[in-house]
Amino acid sequence: MPKEYWVKGANVKVTYTRCQLLVHLVVILVSALQYALCLERQPLWYSFGTLPSFCSGFVLLHHTLVLVTCLWIPRLVQFVTIFGTPFAYGCLWINTWFGLPSLKLAYPHSPPAKLPEWADTSIASTLSLSPRSAGWTTTQWPSQTTADDFTSGTIREWALNQWVPFALWWLLWVLRRNMHGIVIFQRSTQCSYLVCWIYRLYCLLCPSLVIVLWQWYPVLLATWNVRSYNTQDSLTTVMAHKIHLTPSGPNVVYMALVGVVAGISHITWYSFLSFSYHSVYWKTYLREGIVVWICGPQTVASKLT
């Protein structure tokens with residue numbers, strides 16, 4: 001290529017700046033607060049099975065892993081970014097549209113609470129069940145909680161707003177777009193055309209995995225013998241009664257469609273970040289190197305720092 005077509009570009013930042021690190025820590029703090037609020041139901045093992053708990057937990061885990069790997073284990077960044085991000089992003093969408101809004105519903109005149117039929121009533125009688133447990137019936141798993149026992153406060157109201165984690169995710173994505181784009185570009189150049197399409201399919205189906213976990217959590221909980229499960233019953237017997245144990249709430253097909261839309265937006269964003277890159281050369285992986293990309297008739301080379 002003629003020399004006049006080469007341009008030296010500005011340095012590209014792939015390591016954390018102070019602003020990016022601060023935003024990432026805020027995202028983790030907000031995610032942890034939301035997860036804690038999702039577990040504010042008694043008994044605790046039931047709280048783990050709610051839709052907000054599943055989604056918030058996976059989002060928190062993802063943000064933590066990304067920060068840890070970027071700072072101390074850079075060789076795992078590619079794995080976490082490629083395979084973990086589509087799953088966590090799908091959880092974020094499902095939680096935004098179905099999970100967190102359910103935590104803000106209030107039923108001030110609810111009747112006394114009842115546990116699922118497979119629960120240990122002797123334990124339930126010794127627990128002080130909150131008003132939002134009143135949605136439990138003998139044949140339904142709770143998918144919604146009320147806010148009666150949430151203490152009033154600006155922090156809680158702000159943390160339970162479904163758009164806060166969504167906005168923070170995208171803010172962090174925009175700030176860290178160089179790192180994500182380069183990681184995705186490098187991986188795509190190492191894979192065949194078929195593998196790239198399989199990955200796109202993976203991004204579309206990832207959100208459905210959390211729906212499956214949420215739907216089957218009651219069966220798993222019963223199978224793990226939570227004080228009340230009859231050990232004489234076989235797993236087949238428990239699974240045969242799955243229809244009476246699964247959570248009520250939003251239609252799973254509708255939730256899966258929202259997950260597919262999340263996957264499409266995820267694929268589009270990553271394609272936008274990586275389409276212009278031409279080659280990457282590392283001196284120290286994700287610490288120092290050179291990136292080359294095409295910008296019209298020019299080829300731009302920039303230092304990665």
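Descriptive notes on the structure:
- Residue count for the range 65-76, restricted to those that are part of a helix (DSSP H, G or I), over 12 Å from Leu21 (Cα atoms) and without any contact (Cβ under 8 Å) to a residue 60 or more places away in the chain: 4.
- Qualifying residue in the range 266-274 (condition: surrounded by 13 or more Cβ atoms within 10 Å (Cβ to Cβ) and either at pLDDT below 75 or over 26 Å from the mean Cα position of the chain (by Cα) (or both)): no
- On inspection, Val30 does not qualify as part of a helix (DSSP H, G or I) and either modelled with pLDDT of 95 or more or not β-branched (Val, Ile, Thr) (or both).
- Checked against the criterion of being among the hydroxyl-bearing types (Ser, Thr, Tyr), at pLDDT below 95 and out of contact with any His (no Cβ under 6 Å at 6 or more places or on another chain), the range 36-49 has at least one qualifying residue.
- Only one of the listed residues (Phe79, Phe83, Phe54, Phe87) is hydrophobic (A, V, I, L, M, F, W, C), touching a Gly at 6+ places or on another chain (Cβ under 9 Å), modelled with pLDDT of 60 or more and in a helix (DSSP H, G or I). That residue is Phe54.
- Only residues that are surrounded by fewer than 16 Cβ atoms within 10 Å (Cβ to Cβ) and either outside any helix (DSSP H, G or I) or of a type in the set (S, T, N, Q) (or both) were counted across the range 179-214, and they come to 4.
- Annotation: of all residues in the range 81-91 being within 12 Å of Phe54 (Cβ to Cβ) and in contact (Cβ under 8 Å) with a residue 60 or more places away in the chain, the one that is surrounded by the most Cβ atoms within 10 Å (Cβ to Cβ) is Gly90.
- Lone unmet requirement of (1) more than 15 Å from Trp173 (Cβ to Cβ); (2) aliphatic (A, V, I, L, M); (3) at pLDDT below 95 for Leu65: (3)
- The residues listed here are Asn230, Asn225, Asn251; of these, the one that is under 30 Å from Tyr46 (Cα atoms), loosely packed, with under 14 Cβ neighbours inside 10 Å and at pLDDT 65 or above is Asn251.
- The number of residues in the range 207-222 being modelled with pLDDT of 80 or more and hydrophobic (A, V, I, L, M, F, W, C) comes to 6.
The values are calculated or read from the model by the stated rules, or taken from the named source; none is laboratory data. Since this is a predicted model, take the numbers as computed values, not measurements. Note: ideal-geometry Cβ built from the backbone for every residue, glycine included; neighbour counts use all protein chains shown.
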